[in-house]
Amino acid sequence: MSGVAADLKPILRLFFAERRRALLLGAALSAATVTAGIALLGLSGWFIAATSLAGLSAAAAITFDVFAPSAGIRLLAIVRTAARYGERLATHDATLGVLAALRERLFRGFAEPGATRALLHRPARLLFRLTADIDALDSLYLRILVPAAVATGAALAASLVLGLMHPVFGLCFGLFLAGAGLGLPFIAGRAARKHARRRAHGIEALRSRTIDLVAGQTDLLMAGRLAAQREAIAAADHYAARADDRLNRVETSLTFGFGLVSTWLLTASLLAVAALAETKAITAPVAALGLLVAFAATEPFAALRRGALEVGRTLLAARRIAPRLAAVAAQEPLAAAQPGYAFSLAKVSAFHENSNVPALQDIELALQQGERLAVIGSSGAGKSSLLALLSGELPARTGGVAVAGATLLTQRTELFEDSLRGNLLLANPDAGEIDCLEALAAAGLLSDVEAMPRGIDTPLGEGGLGLSGGQSRRLALARLFLRETPLWLLDEPTEGLDGVTARDVLGRLSAMAAGRSLVIATHIRREASIADRIAVIEGGLIVEVSRRGEAAFEKALDRLRLD
């Protein structure tokens, strides 16, 4: 239970931090709806019974006041209708607002360096967290917290009303209703948790495998794995269907249990009010009121049925999301580099998350402002890790790191389903149209953009659909040019480009980098050749640093690919 509380705590804190008043208003309106419904049914029963008895004698009929009860019934009906309408508006508006804030907070959490690197291996996970898991949390307020609070309040109110007829009657009714009404959903919730989790895992696997089939059908076909992927999708569907079947059985059992409890409770209430009426402790109209109040008080507990089945899915979503919402100590900013230097590293060692093997070991390196450094080495030697360290994405465990403001251009060109302008403004939201056009011109993309029907406002598809590979890389380069930072970190900037495009990109990059420092992680000669120094890294260790004009510099260039 402590684990459940720890998972729910950041979720609930966010709920009440974002829409406290709206959530409390929705709960209050829900309680008002139930209370008005119970009072309406009880008063209507009393009025009908009292009217029928008053009609047995002329004297009683003359003195009987029909206006006050009928006015009360109309008032309660209006209150119930208005409260129900207001409750739906308030609870759903508050819930949607909280979920929107939760999605934003979660997206920001997954944008942290460590989480981003992990998601690159399983990008579908982010989609499921932002959709399925967030959607599961709407049950926490709408189907669990509010119904449970309202049902408990209804049991207490009914217990007080019936207690005025006889204290023992009211006490026994309230205890049994609250115990059985909350106990049955609790038992059903525990029984359904495992199956709800399995259903959530099954649906996630089904979606993920279907996405893999659609996105990679050509590769699967060439590898002869298309039939195997279809079988994997069918297996996930069968797994989710079995969990659905188990949940349906739990729901059927819970419905049957509620029916038994309601029948037994109403039968006991009928016998109790009959006994009290027979002893003249209450009148017949009051007995009718008591019976109908008991009947109406059981209704709110039926709303817990859906929540009991959703609790497993909700807790699973909370456990997945809570770590990204929990307060995390802010990472210390990198120290500023000394005047005249772009960065300096002193005996630095760094580890990737959940790894005991150092990505970088005892790094001693410094770069003066305006110098260009190429970092070369085999795949996995630590080139990208060094760039991640300098950009602040990989924290140093030991040693000292001092870096001027840096911008990292990774191997992947990340473009979004937005206009060209929108993709450019990600680098600098304050950039004007002239700045954007100048950056496009410097990247060699302006003529292509001007040839498009809508120019810089041309919309792109998902992942930059609509641009060629070379154009996408030039757009990423234009974004880099909009970043006014003294240090640019480039991870294989021309990888995958043809020779002509690559040389043009490098030439433009070199021209725009005048006065700035460059660090280029590469295994291609043309990229390293624009550097003033070359550092060779192996196994996370820098084994050699050479300067242009030295024999070691030329020897290092000769080790690189000629593409």
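The values are calculated or read from the model by the stated rules, or taken from the named source; none is laboratory data. Note that the coordinates shown come from a computational prediction; the quantities given were computed from them, not determined experimentally. Methodologically, a virtual Cβ is constructed for each residue, glycine included, from the backbone with ideal geometry; neighbour enumeration extends over all protein chains shown.
The table that follows gives values for the structure above.
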quantity: Those residues of the stretch 236-252 which are exposed (fewer than 15 other Cβ atoms within 10 Å of the Cβ) and of a type in the set (Ser, Thr, Tyr), in sequence order; calculated: 252
quantity: Residue within the stretch 528-540 that is within 29 Å of residue 440 (Cβ to Cβ) and crowded, with 19+ Cβ neighbours inside 10 Å present; calculated: yes
quantity: Only listed residue being β-branched (Val, Ile, Thr) and farther than 30 Å from residue 163 by Cβ, chosen from 293, 311; calculated: 311
quantity: Any pair with Cβ under 6 angstrom, 6 or more apart, that starts in the stretch 208-227 at a residue that is farther than 22 Å from residue 240 by Cα and assigned by TED's automatic domain parsing to the domain that holds residue 240 and ends at one that is assigned to a helix (DSSP H, G or I) and at pLDDT 85 or above; calculated: 220/226; 220/229
quantity: Long-range neighbours under 6 Å by Cβ, at least six apart or interchain, first residue touching a residue at least 40 places away in the same chain (Cβ under 8 Å) and under 19 Å from residue 189 (Cα atoms) within the stretch 287-302, second among the β-branched types (Val, Ile, Thr) and assigned to a helix (DSSP H, G or I); calculated: 300/34; 300/150
quantity: Members of the stretch 209-231 found to be within 27 Å of the chain's Cα centre (by Cα), surrounded by 13 or more Cβ atoms within 10 Å (Cβ to Cβ) and at pLDDT 85 or above, listed by number; calculated: 209, 210, 213
quantity: Some residue of the stretch 195-214 being β-branched (Val, Ile, Thr), under 26 Å from residue 149 (Cβ atoms) and out of contact with any Pro (no Cβ under 8 Å at 6 or more places or on another chain); calculated: no
quantity: Any chance residue 184 is surrounded by fewer than 19 Cβ atoms within 10 Å (Cβ to Cβ) and assigned to a helix (DSSP H, G or I); calculated: no
quantity: Complete set of residues in the stretch 386-408 that are outside any loop (DSSP other than H, G, I, E, B) and either in contact with a Lys or Arg (Cβ under 6 Å, 6 or more places away or on another chain) or surrounded by fewer than 22 Cβ atoms within 10 Å (Cβ to Cβ) (or both); calculated: 391, 396, 397, 398, 399, 400, 401, 402, 406, 407, 408
quantity: Among the candidates 532, 498, residue that is in contact (Cβ under 8 Å) with a residue 24 or more places away in the chain, within 20 Å of residue 409 (Cβ to Cβ), among the acidic types (Asp, Glu) and touching an Asp or Glu at 6+ places or on another chain (Cβ under 7 Å); calculated: 532
quantity: When residues of the stretch 442-471 are limited to those that are buried (at least 21 other Cβ atoms within 10 Å of the Cβ) and within 31 Å of the chain's Cα centre (by Cα), the one farthest from residue 404 (Cα to Cα); calculated: 467
quantity: Matching option when the condition is assigned to a helix (DSSP H, G or I) and within 30 Å of residue 96 (Cβ to Cβ), among 164, 206; calculated: 206
quantity: Residue in the stretch 414-424 that is surrounded by fewer than 17 Cβ atoms within 10 Å (Cβ to Cβ) and at pLDDT below 85 present; calculated: yes
quantity: Search result, residues across the stretch 540-563 that are part of a loop (DSSP other than H, G, I, E, B), basic (Lys, Arg) and under 48 Å from the mean Cα position of the chain (by Cα); calculated: 559
quantity: Helices (runs of 4 or more DSSP H) wholly inside the stretch 428-501 containing at least 2 residues that are farther than 28 Å from residue 521 by Cα; calculated: 433-442, 446-450
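Residues checked against (1) in contact with a Pro (Cβ under 8 Å, 6 or more places away or on another chain); (2) modelled with pLDDT of 85 or more; (3) part of a helix (DSSP H, G or I); (4) not basic (Lys, Arg):
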site	(1), (2), (3), (4)
19	no, no, yes, no
39	no, yes, yes, yes
51	no, no, yes, yes
84	no, yes, yes, no
103	no, no, yes, no
107	no, no, yes, yes
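A quick yes/no check of all residues on (1) at pLDDT below 90; (2) among the β-branched types (Val, Ile, Thr); (3) not assigned by TED's automatic domain parsing to the domain that holds residue 93:
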site: 136; (1), (2), (3): yes, no, no
site: 139; (1), (2), (3): yes, no, no
site: 148; (1), (2), (3): yes, no, no
site: 179; (1), (2), (3): no, no, no
site: 187; (1), (2), (3): no, yes, no
site: 233; (1), (2), (3): no, yes, no
